[in-house]
Amino acid sequence: MELPPFERAVLIIKHYETLHQPKHWPYIGYGHLVLPGESYKKGCQLTEKEADRLLRKDLLKFLSYYKSYGEDSLILAVLAYNCGPGKVNESSVLQKLQSGNRNILKDYLSYCHYKGKFHLGLYRRRYVEYHLLYNKFPDY
C-alpha cells in the first residue's frame, strides 16, 4: 500500500495477466489486444520491459477516458484494461458512480465471468483490485 495507486494497478495487472506467450495471439505483453494497424506481428514475444511500457501506455489511455471521474478513474481504467471500455461504459459500476453512489462492491465483483461461466481467478482479481485501488467509503 506504500506504492502510489497507479503502480499498485500495474503490479496487480502483471500478476493476474502474466507475460503472454506467442500462443496467446492476438494478446501480447500483459494482455494488450493487438488492434488493426498496430505493427506487432503474429508470434511476437515482448520482453518484460517492452510489455511493461505497453501496459503503462494502455492504462494511461484508459485513465484518460475516465479522468472526469477523479478518484474513481483508476478503478474504471483497470476494469477497462481487462474487459474493454465498451463493457465499462455499459456497466452498473459506471452508472452507480455517475449517480454519486459509491457502493459498487457487488457490481464490481460481478465482472468475474469467462465465456459465460463464473471464474474464481477473475473474482479474486476483482476483489484485490477493489480493495487495493478503490478509494472508497466503507460498505455498510
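Between Leu105 and His24, what FRET efficiency follows from the Cβ-Cβ distance if R0 is 30 Å, with the result rounded to 0.05? Write down the numbers at each step before the final one.
Details: r = 30 Å, r/R0 = 1.01.
That gives a FRET efficiency of 0.50.
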Item to check | Cα-based reach from Lys41 at 17 Å (exclusive), listing aspartates and glutamates while leaving out same-chain residues under 8 positions away | outcome: Glu50
Next on the checklist: Need one number: nm distance between label points at Leu11 and Leu60, each 7 Å from Cα along Cα→Cβ, rounded to one decimal.
Outcome noted: 2.1 nm
Next on the checklist: Please list, short to long, the whole-number percent of alpha-carbon pairs of the stretch 38-117 in consecutive 5 angstrom bins beginning at zero.
Outcome noted: 3, 13, 21, 21, 15, 13, 8, 4, 1
Next on the checklist: Quick check: convex hull over the Cα atoms of the stretch 1-58, volume per residue in Å³, rounded to an integer?
Outcome noted: 75 Å³
Checklist entry - Based on Cβ point charges of +1 for Lys and Arg and -1 for Asp and Glu, what charge dipole magnitude is obtained for the stretch 18-140 about its Cα centre, in debye rounded to the nearest 20? => result 300 debye
Checklist entry - Mind listing the phi-derived Karplus ³J(HN,Hα) values for the stretch 102-117, rounded to whole Hz, using 6.51, -1.76 and 1.60 with θ = phi - 60°, and x for any glycine or proline? => result 9, 8, 10, 3, 4, 5, 5, 5, 6, 8, 9, 10, 10, 6, x, 10
Next on the checklist: For the stretch 78-135, what does the accessible surface come to per residue with a 1.4 Å probe? Please give it in Å².
Outcome noted: 56 Å²
Next on the checklist: With n ≥ 4 as the cut-off for DSSP H runs, can you work out [θ] at 222 nm for the chain, using -39500 (n - 2.57) per run divided by the number of residues, rounded to the nearest 500?
Outcome noted: -15500 deg cm²/dmol
Next on the checklist: Given a 1.4 angstrom probe, I'd like the percentage of the accessible area of the chain that is carbon and sulfur, rounded to a whole number.
Outcome noted: 56 percent
Next on the checklist: Just to check, using Stokes-Einstein with a Kirkwood Rh over alpha carbon pairs, what's the diffusion coefficient of the chain at 25 °C and 0.890 mPa s in µm²/s?
Outcome noted: 156 µm²/s
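The values are calculated or read from the model by the stated rules, or taken from the named source; none is laboratory data. These figures come from a predicted structure and were not determined experimentally. Positions of Cβ are backbone-derived with ideal geometry, glycine not excepted, and every protein chain shown enters the neighbour counts. Calculation scope for accessible area: heavy atoms of the full protein, side chains included, ligands and nucleic acids excluded. Shrake-Rupley method; radii C 1.70, N 1.55, O 1.52, S 1.80 Å.
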